[in-house]
Amino acid sequence: MIYCALLQSEELNRENMMAGLLIVFLTYLHFFLEWVFYITKPSFLAGLDFSQSLGILFITPLPVILLELVLLAIVIIFSKLTKSRFMLPLIPACILAAILFILIDNFTHTVFGFYIGSFTDNTRYLYACLFLGLIGFGYWQLTSMVQSDFPMTHRNLFILLCITLPAISSMFALAKIAEEPTIEVDLTGSGLVNKPNILILSTDGLKVDNMSAYGYERPTTPAITALAKDSLVSENSFPNGANTTGSVGGLLSGKLPTKTGVIYTPSIFQGIHSYQHFAGLLKQAGYRSIDLSIPVIADSYDLNMQGAFDVVNARDLRGKHQNSLFTPKLRRIFAIDYYFLQQVIERIDQRVKHSFGNLTMVDSYREVVDTDRPPAISDEKRLSSLISFIKVSEDPFFAHIHFMGTHGPRFRPISRKYSKGQVQEKRWMTDFYDDAIFDFDNIVGRISHYLKQKKLYDNTLIIITSDHGIGWRTYERLPFVIKFPNSLNMGKVDYNTQRADIPPTLLDYLNSPIPEWMDGI
């Protein structure tokens, strides 16, 4: 509105107007290139028809342009007060730099196999210099355009294009508001009286056949064995999916992957499923929550679980949307558009922060596939983050941690109890796998000890589980151990259970109504 007011001012010259038009054009160009990037590879856009995908392309630039024009209005006011014009091309120059920065990164990643996140040493600062250089290049190139120094015919077409694009975007947005009803979210659980801490300790690819807690001859899980004596133990528990993404989605939502469509990366929660989940129920009930997992593959934020956790893999999401241009109602109407907007902004934000040393990017694909090199985020780091979170949690806490030490096909055990002196020449070597399980058990023991030290153990629900069997098998039994506060509900069940049963089981203990949309029992 400020910018519109300035446009009506007689003192506004062509330079100010041209700066605004360049911002509109370059922002649309940025989103178009990102949209092409997503639509030409496996992504969350794959499940949409072309008209829906096209709507996302046109709708998402609008709030960004609005913010940028407000910033331009401030720059114009500053320029008038100081009687200087050097700042006018700066905002469009930064947008052009972001476009070129992403394009270069995509090119080197696709053609040569390296990208900004591949460098964690001082080499990353070369990318920082590149980004600053691109801003300078953009400033130099756009200065003449801001000053309207190009042919009148081209200028008129350019102005027409910059007016037409927002008009088309507005039509798409209005059509979506008219056609799609607002998602109404009815989350029960806010009236809970008894609020024990809830701690889900999950590890990747753990089958019970190699756990001494389930009768394995090697003492691979002494801590879990001790915990299981005071717990409810399912002897025949199975996954809800062969892949981590679908299995984690089933655990955190209480819904089957076939219902939500979240089966395998890059599937995400969409529509009502983005808001209906177990994590959201606990947050509504006043729980302070954290999710520590693999980015993209098991990250609740990347899976588009709205209102789920306060902290997700070092992202503090508390109050994240308060200053957003999208109100809660608009976020639900434009849920998938908002997700795309987040992804586009985060892609450039992470790369710039990584280049300047303010953030270390994690290549989730290499974390999972390249098991021959040390992970960027180790299980020790996850454990440390959990302890730090618990230390400052005054409210009852809910924590979901997905550890990766037991993920194959090769293992990097800290303990060398069974694999001592051996070289891991083959995939899925049992001795290395058993040592990895022993490492996970050691983590469970350390967490239990810490909770006892802080007098939290007796008031904490502890769940031990896994996402799928070794080698992503769905027919292998998984651990399913629930330690209730004060050792209630001890015993064993021998009927079949599944990961999606965990949320309704916990809600039942909390005396909370179990939503009809949950598939677990």
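Here Gln453 clears all of (1) touching a strand residue (DSSP E or B) at 6+ places or on another chain (Cβ under 6 Å); (2) open to solvent by 90 Å² or more (accessible area, probe 1.4 Å) except the condition numbered (1).
Mind counting the residues in the stretch 271-289 that are among the β-branched types (Val, Ile, Thr) and buried (at least 23 other Cβ atoms within 10 Å of the Cβ)?
0
Filtered by the rule that a residue be touching a residue at least 40 places away in the same chain (Cβ under 8 Å) and surrounded by fewer than 20 Cβ atoms within 10 Å (Cβ to Cβ), the stretch 434-450 gives Asn442, Gly445, Arg446, Tyr450.
The set of residues in the stretch 115-150 being farther than 13 Å from Arg351 by Cα and not in a helix (DSSP H, G or I) consists of Asp121, Asn122, Thr123, Gln147, Ser148, Asp149, Phe150.
Restricting attention to the stretch 368-398, the residues that are open to solvent by less than 40 Å² (accessible area, probe 1.4 Å), assigned to a helix (DSSP H, G or I) and not basic (Lys, Arg) add up to 7.
Only one of Ser79, Ser53 is among the hydroxyl-bearing types (Ser, Thr, Tyr) and more than 22 Å from Leu303 (Cα to Cα). Can you tell me which?
Matching residue, one of Ser79, Ser53: Ser79.
Of all the residues in the stretch 257-270, those that are under 24 Å from Phe398 (Cβ atoms) and surrounded by fewer than 21 Cβ atoms within 10 Å (Cβ to Cβ) number 2.
On inspection, Gly307 passes the criterion of being surrounded by fewer than 23 Cβ atoms within 10 Å (Cβ to Cβ), touching a residue at least 12 places away in the same chain (Cβ under 8 Å), under 14 Å from the mean Cα position of the chain (by Cα) and in a loop (DSSP other than H, G, I, E, B). Just one of (1) crowded, with 17+ Cβ neighbours inside 10 Å; (2) touching a Pro at 6+ places or on another chain (Cβ under 6 Å); (3) assigned to a loop (DSSP other than H, G, I, E, B) fails for Thr474. It is (1). Of everything listed in (1) among the aromatic types (Phe, Trp, Tyr); (2) assigned to a loop (DSSP other than H, G, I, E, B); (3) open to solvent by less than 40 Å² (accessible area, probe 1.4 Å), the single unmet condition for Trp428 is (3).
Residues considered: Thr474, Thr465. Of these, the only one that is under 31 Å from the mean Cα position of the chain (by Cα), modelled with pLDDT under 95 and under 20 Å from Ser253 (Cβ atoms) is Thr474. The sole residue among Leu103, Leu48, Leu67 that is farther than 15 Å from Phe131 by Cα and in contact with a Leu (Cβ under 9 Å, 6 or more places away or on another chain) is Leu67. Scanning the stretch 405-433 for residues being of a type in the set (A, V, I, L, M, F, W, C) and touching a helix residue (DSSP H, G or I) at 6+ places or on another chain (Cβ under 6 Å) gives a total of 2.
Of everything listed in (1) surrounded by fewer than 16 Cβ atoms within 10 Å (Cβ to Cβ); (2) modelled with pLDDT of 95 or more; (3) among the aromatic types (Phe, Trp, Tyr), the single unmet condition for Tyr365 is (2). Residues that are open to solvent by 70 Å² or more (accessible area, probe 1.4 Å), in contact (Cβ under 8 Å) with a residue 12 or more places away in the chain, hydrophobic (A, V, I, L, M, F, W, C) and within 19 Å of Phe32 (Cβ to Cβ): does the stretch 106-129 have at least one? Scanning the stretch 106-129, I find no residue that is open to solvent by 70 Å² or more (accessible area, probe 1.4 Å), in contact (Cβ under 8 Å) with a residue 12 or more places away in the chain, hydrophobic (A, V, I, L, M, F, W, C) and within 19 Å of Phe32 (Cβ to Cβ), so the answer is no. Scanning the stretch 207-260 for residues that are small (Gly, Ala, Ser) and outside any helix (DSSP H, G or I) returns Gly215, Ser231, Ser234, Ser237, Gly241, Ala242, Gly254.
Leu227: within 24 Å of the chain's Cα centre (by Cα), at pLDDT 90 or above and surrounded by 19 or more Cβ atoms within 10 Å (Cβ to Cβ), yes or no? So Leu227 fails the test.
A quick yes/no check of all residues on (1) open to solvent by 50 Å² or more (accessible area, probe 1.4 Å); (2) at pLDDT below 85; (3) farther than 23 Å from Ile447 by Cα; (4) of a type in the set (Val, Ile, Thr):
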{"position": "Ala173", "(1), (2), (3), (4)": "no, no, yes, no"}
{"position": "Pro181", "(1), (2), (3), (4)": "yes, yes, yes, no"}
{"position": "Ile198", "(1), (2), (3), (4)": "no, no, no, yes"}
{"position": "Leu201", "(1), (2), (3), (4)": "no, no, no, no"}
{"position": "Gly205", "(1), (2), (3), (4)": "no, no, no, no"}
{"position": "Asp209", "(1), (2), (3), (4)": "yes, no, yes, no"}
{"position": "Ser212", "(1), (2), (3), (4)": "no, no, no, no"}
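Please determine, by comparing only the residues of the stretch 477-499 that are part of a strand (DSSP E or B) and among the aromatic types (Phe, Trp, Tyr), which one is surrounded by the most Cβ atoms within 10 Å (Cβ to Cβ). By that ranking, first place goes to Phe480. Residues that are assigned to a helix (DSSP H, G or I), at pLDDT below 90 and within 22 Å of Phe131 (Cβ to Cβ): does the stretch 56-63 have at least one? No - not one qualifying residue is present in the stretch 56-63. Consider the stretch 381-428 and keep the residues that are β-branched (Val, Ile, Thr) and in contact (Cβ under 8 Å) with a residue 60 or more places away in the chain. The one that is nearest to Ser202 (Cα to Cα) is Ile401. Within the stretch 350-362, the set of residues being open to solvent by less than 60 Å² (accessible area, probe 1.4 Å) and either at pLDDT 90 or above or touching a strand residue (DSSP E or B) at 6+ places or on another chain (Cβ under 6 Å) (or both) comprises Gln350, Arg351, Val352, His354, Ser355, Gly357.
If you check Ile502 against the conditions, is it part of a helix (DSSP H, G or I), in contact (Cβ under 8 Å) with a residue 12 or more places away in the chain, out of contact with any Cys (no Cβ under 9 Å at 6 or more places or on another chain) and open to solvent by less than 10 Å² (accessible area, probe 1.4 Å)?
Criteria met by Ile502.
Condition (residue is at pLDDT 90 or above, more than 21 Å from Trp140 (Cβ to Cβ) and either open to solvent by 70 Å² or more (accessible area, probe 1.4 Å) or in contact with a Gly (Cβ under 7 Å, 6 or more places away or on another chain) (or both)) applied to the stretch 84-94: is it met by at least one residue? Checked the stretch 84-94: no residue is at pLDDT 90 or above, more than 21 Å from Trp140 (Cβ to Cβ) and either open to solvent by 70 Å² or more (accessible area, probe 1.4 Å) or in contact with a Gly (Cβ under 7 Å, 6 or more places away or on another chain) (or both).
The values are calculated or read from the model by the stated rules, or taken from the named source; none is laboratory data. Everything numeric in this text was worked out from a predicted model, so none of it was measured. With ideal geometry, Cβ positions are generated from the backbone for all residues, glycine too; neighbour counts draw on all protein chains shown. Keep in mind that these areas ignore ligands, DNA and RNA; they rest on the heavy atoms of the full protein, side chains included. Shrake-Rupley method; radii C 1.70, N 1.55, O 1.52, S 1.80 Å.
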